[in-house]
1. Being in a helix (DSSP H, G or I), acidic (Asp, Glu) and farther than 20 Å from A:Ile59 by Cα, is that true of even one residue in segment B:87-108?
2. All but one of (1) crowded, with 17+ Cβ neighbours inside 10 Å; (2) at pLDDT 90 or above; (3) farther than 18 Å from A:Gly151 by Cβ hold for A:Pro73; which doesn't?
3. How many residues, within segment B:83-92, are surrounded by 14 or more Cβ atoms within 10 Å (Cβ to Cβ) and either farther than 17 Å from A:Ile53 by Cβ or in contact (Cβ under 8 Å) with a residue 24 or more places away in the chain (or both)?
4. Could you tell me whether any residue of segment A:104-125 is under 30 Å from A:Ala71 (Cα atoms) and out of contact with any Cys (no Cβ under 8 Å at 6 or more places or on another chain)?
5. Sort through B:Met91, B:Met51, B:Met63, B:Met32 and tell me the only one that's aliphatic (A, V, I, L, M) and in contact with a Leu (Cβ under 7 Å, 6 or more places away or on another chain).
6. If you scan segment A:215-230, which residues turn out to be more than 7 Å from every other protein chain (Cβ to nearest Cβ) and over 8 Å from the mean Cα position of the chain (by Cα)?
7. Kindly establish whether A:Phe79 is touching a Pro at 6+ places or on another chain (Cβ under 8 Å) and more than 16 Å from A:Tyr213 (Cα to Cα).
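The values are calculated or read from the model by the stated rules, or taken from the named source; none is laboratory data. The structure displayed is predicted, hence computed values, not measured ones. Here the Cβ is made from the backbone with ideal geometry for all residues, glycine too, and neighbour counts use every protein chain on show.
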Amino acid sequence: MSQTASPKSAESAADPGRIESAIQDWSSDQRAFKNVPWGKAMMWLFLLSDTFIFSIFLISYMTVRMSTKVAWPNTSQVFALEIGGVQFPLLLIAIMTFILISSSGTMAMAVKFGYSKNRKITAILMLVTALFGLSFVGMQAFEWTKLIHEGVRPWSNPFGAPQFGSIFFMITGFHGFHVSIGVIFLFIVARKVWRGDYDTGKRGFFTSRRGNYEHVEMMGLYWHFVDLVWVFIFAFFYLW
Amino acid sequence: MEQDQTHGQEHPISTYFWIWGLLFVLSAFSYMVDILGFESYTRWTLILVFMLSKAGLIVAIFMHMAWEKTAIIYAILLPTAFILVFVSLMMLEADNTHLVREIFFSSPL
C-alpha cells in the first residue's frame, strides 16, 4: 500500500487485470490454474463434462419438442397434485425445487464451517444436506410411480406427444441418479469430517491419500451442480 | 478479488443466507409464472430471466466462481457458452424436420 518506488511497475505486477492475468497463467509454461487445488480444478472439469451431458439431453428434448406435430403434454396439469379435491399445478415439483435449494444452502455453509475447522457443525450440515437429497429422491420416486400408474411409458403416454415419456424418464432419471450418488458421497465425507480424518491426516480407504477440508468444498461443488442442473430442468422441462 | 486459496473459501455466513433467500424468492417467481398463466413470449422470457439469475447466483456465490482465478473462470465458462452454438444448430435442424413433417405427414399418424 505504502510503496512509493516505481508505483507503475509494482501495480502492473501485482494487479495485471483479469484478462491479462488469465493469459499470463495460461502461457506461463507451468500449471495454468495457479493456487487452485488440483482436486478442485479436476472437479470443475468433471462438472464441465457433466454440463455437456445434461445439455445434450436438454438439446435433444428441445429438438424433439420443436419438431413433433403432436401437441406436447401440458406439464402444468400432468404434474399437478390433488389435495382435498383441489388441483395444485406443479406443486410437487415446486416443493422439490425448494428442497434442493435448501440443501444447496446447507451445503454452502458446510463448506464455510469446514474451512474454519468446525468439525461437528460441518458434519451436521452435510447430514442435513444428505437428508434433503434423500427426500428429493423419494419425491422423485413418488412422481415416477404416479406417472407410470397413469400410463406414461417411454414410447407412449395418454397426454400427448409420445416422446414425452422417454424425455421425462431420461432427464429426471439421470438427474435423480446424480442426486443419489451425491447423497452417498455426502454420507462418506460427512463421516470423515465427523471422525476428524481431515485433521489427523488419516488415509482414505480407497485412494490411500490424506484428505483435507478442500474435500468438503469439492463435495459442495458437485452438490451445487446438481442443484444447478435442476434449475435448468425445472425451467425447460416443467415450466416451458 | 483473487484471494489466497490456502485459506480456502471463507465468507460471512450472512452471504449464504442472503443468496439462499434470493434463490427462494426467484424460485417462487418462476413458479408464479405458471400459476398466473403467462403465455408465449412473456412466459419464455420470464422463465429464462429467473432461470439465468438463479444459475448465476449458484455458480458465482455458492460455487465461489466469483472469487476464483480468471484462468479457471474462462476455462469453465467459455466452453459452456459454446453450447449455445449447438443449441442454435439444433433449432435449425428441428425447424427443418418440422417443416418436412408438415409437408409429408399432414394428417396426424
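1. Yes.
2. (3)
3. 1
4. No, there is no match, as no residue in segment A:104-125 is under 30 Å from A:Ala71 (Cα atoms) and out of contact with any Cys (no Cβ under 8 Å at 6 or more places or on another chain).
5. Numbers: B:Met91 fails: in contact with a Leu (Cβ under 7 Å, 6 or more places away or on another chain); B:Met51 fails: in contact with a Leu (Cβ under 7 Å, 6 or more places away or on another chain); B:Met32 fails: in contact with a Leu (Cβ under 7 Å, 6 or more places away or on another chain).
Selected residue: B:Met63, the only one of B:Met91, B:Met51, B:Met63, B:Met32 that is aliphatic (A, V, I, L, M) and in contact with a Leu (Cβ under 7 Å, 6 or more places away or on another chain).
6. The answer is A:His215, A:Val216, A:Met218, A:Met219, A:Gly220.
7. yes
Residue-wise test of (1) more than 9 Å from every other protein chain (Cβ to nearest Cβ); (2) crowded, with 18+ Cβ neighbours inside 10 Å.
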| site | (1), (2) |
| --- | --- |
| B:Trp18 | yes, no |
| B:Leu23 | no, yes |
| B:Ser30 | no, yes |
| B:Tyr41 | yes, no |
| B:Leu48 | no, no |
| B:Leu57 | yes, yes |
| B:Ile61 | no, yes |
| B:Leu78 | yes, no |
| B:Ala81 | yes, no |
